[in-house]
1. Considering region 140-156 alone, what residues qualify as being out of contact with any Gly (no Cβ under 8 Å at 6 or more places or on another chain) and more than 19 Å from residue 113 (Cα to Cα)?
2. In region 266-321, how many residues are within 16 Å of the ligand (Cβ to nearest atom) and either at positive phi or among the aliphatic types (A, V, I, L, M) (or both)?
3. Could you tell me whether residue 126 is among the hydrophobic types (A, V, I, L, M, F, W, C), within 16 Å of the ligand (Cβ to nearest atom) and either open to solvent by 10 Å² or more (accessible area, probe 1.4 Å) or touching a Ser or Thr at 6+ places or on another chain (Cβ under 6 Å) (or both)?
4. Would you mention how many residues in region 164-191 are of a type in the set (A, V, I, L, M, F, W, C) and open to solvent by 40 Å² or more (accessible area, probe 1.4 Å)?
5. Restricted to region 340-359, and to residues that are within 12 Å of the ligand (Cβ to nearest atom) and closer than 10 Å to residue 297 by Cβ, which residue is least open to solvent (accessible area, probe 1.4 Å)?
6. Does any residue of region 408-425 turn out to be part of a loop (DSSP other than H, G, I, E, B) and either free of Cβ contacts under 8 Å to residues at least 12 places away in the same chain or of a type in the set (Ser, Thr, Tyr) (or both)?
7. Does residue 337 satisfy being away from the ligand (no atom under 16 Å from the Cβ) and surrounded by fewer than 18 Cβ atoms within 10 Å (Cβ to Cβ)?
8. Scan region 223-234 and report the pairs whose first residue is more than 17 Å from residue 213 (Cβ to Cβ) and part of a helix (DSSP H, G or I) and whose second residue is open to solvent by less than 60 Å² (accessible area, probe 1.4 Å) and charged (D, E, K, R), with Cβ atoms within less than 8 Å and a gap of 6+ or a chain change.
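The values are calculated or read from the model by the stated rules, or taken from the named source; none is laboratory data. Just so we're clear, the structure is a prediction, and the values are computed from it rather than from any experiment. Methodologically, a virtual Cβ is constructed for each residue, glycine included, from the backbone with ideal geometry; neighbour enumeration extends over all protein chains shown. With ligands, DNA and RNA removed, areas are computed over all heavy atoms of the protein, side chains included. Shrake-Rupley method; radii C 1.70, N 1.55, O 1.52, S 1.80 Å.
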Amino acid sequence: MIDFKQKIAEILAEKLDQLTQEEILGMLETPPEMSMGDYAFPCFRLAKVLRKAPPLIAKDLAEQLSSDPLFIKVEQVNAYVNFFLSRENFVREAAAAVAEEKEAFGRSDLGAGKRVIVEFSSPNIAKPFHIGHIRSTVIGNAIYKLYDALGYETIRINHLGDYGTQFGKMIVAYRLWGSEEDVKREPIKSLLSYYVKFHEEAEKDPKLDDEARATFTKLENGSPEEVALWQWFREESLKEFNRVYGLLNIEFDSYAGESFYSDKMGRILDTLKEKNLLTLSDGAQIVNLDEWDMAPALITKSDGSTLYITRDIAAAVYRKEHYDFYKNIYVVASQQNLHFQQWFKVLELMGCDWSKDCVHVPFGLVSLEEGTMSTRSGRVVFLEDVLKRAIEQTREVIIEKNVNTDNIDVTARQVGVGAVIFQELSNGKIKDYVFSWDKVLNFDGETGPYVQYTHARACSVLRNGGESTDKALENAANLDMSYVTGDRAYELAKLVYKFPSVIQEAAEKYEPSIVTRLVVDVAQAFNRFYHDEHILVDNEAEKQAKLLLTHAAVRVLRNGLNLLGIEAPERM
Ligand code: ARG
């Protein structure tokens, strides 16, 4: 696709010695209204060097450039030069590019040869996989897909919380009160109940805590019975997690969790000692971070055991050596901001110059609407239950609205799960938000079902176009696009054209909601176009031009939803 902005910068650079092409590119704006043209160049900065009033400079430039074939009009308004592209060429350029590239439209090879790790989800084993985990899981998956679309080689890591003194407690609790049958039937609920009981009992009988510590030490030293139990807890937990990942259509390349680093921390301690970074504090070893206004990083406890942060440091070093990443991205809640700042600093002090390539992508809290669900006294809201409920409710809506589908189970899953993911990715990630059932499943708001429904409706237009659709796609570069230059059509084509740059921006900012926004805009623009213009008209040339634009909308909706981890059914 022609990069029109780049072209305009080139043309302007020829006329302006005072500014580089790069600078001009940075100055070019998109006017707030379509009536003001496609691009605008502000002349304020030139006033000083040219010793002329900005409107005069703009007038001068507009006159010089108006004969350039790229534009149908160049206009001076106050200090701005406004550029108007030929709508016909523009719409053809965008729609023909989509017809040619299809599922690859928007993708690029910008990141070729570079490896990016995206660590996300990372729940703790034997603990509930609850609604709070949805954010890391869904945002992380979308960030992975964005980098994948840009041609980076990606590695998805689930840094499971599968290590720590709590497993000593869990083993003791299981031996005292557990049942193998229950764990097999309901692993997480059962293990959690033993764990809760352990804490209640340990209040009365502190000896239990000593026993748990001793048991953890055995586990750490590889004692077979303890290791077998831990392994079993881990496997059963993973089975539960995988059910949720299955519903969400999410996969990982590695489940190397915290335990994977249990034998890789000695080296880290050695380096810290060598570099003189460790200080003793009440028997514990810390790295003092006063100079950077941070609490110290606690590296080992007084009993010698390592901590969460120690494992994160070891994991980063391992990843650098094993994957030689270009970027190592952590999608983890903003409550852990300090934790990440601390250990990124420790890495830097250790002399790892690549610590700058480690990125923490934080996000805000999700809370639940009062009344609909509650975390009332220990009642945890499992993510699996949320997804199942979304699927169930969607099935009811499908029946009630008489939605057209070949397979109600499949559609209910695609739409129900898609709705939850879409709501999750609609909000800027850093904001706290309230999970709302009403908003999630609304077919008319700016929701997943609305976008999916618009996509399906546009697909049906293409199907009804029959042979004309095929011809339009075959002949995309040579159609008479003068039929689709009205405001509605042009608005839609502009959004289509923007899609590739939106992917780049979203990846750079680690912000999938930028894609969500575009997808909603395209859906709304298509619906306006569809409402105002008759697509399947008698005039064959006009019909093909309109079908080609419809096809472009379908592709951007589908490719966009897929980037967010959402399916796009062709009928609903
Ligand atoms: N397991 C942790 C939790 O549930 C999240 C892990 C985040 N990743 C990391 N490398 N620290 O809070």
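1. Once the filter is applied, which keeps residues that are out of contact with any Gly (no Cβ under 8 Å at 6 or more places or on another chain) and more than 19 Å from residue 113 (Cα to Cα), region 140-156 yields only 140.
2. Keep residues of region 266-321 that are within 16 Å of the ligand (Cβ to nearest atom), which gives 268, 297-299, 306-320.
So of that shortlist, the ones also either at positive phi or among the aliphatic types (A, V, I, L, M) (or both) come out as 268, 297-299, 307, 309, 313-317.
The qualifying residues number 11.
3. Judged against the criteria, residue 126 is a match.
4. So in region 164-191, the residues of a type in the set (A, V, I, L, M, F, W, C) come out as 167, 170-173, 176-177, 183, 188, 191.
Now restrict to residues that are open to solvent by 40 Å² or more (accessible area, probe 1.4 Å): 176-177.
Number of matching residues: 2.
5. Across region 340-359, the extreme among qualifying residues is 343.
6. No, that holds for no residue.
7. No.
8. 234/162
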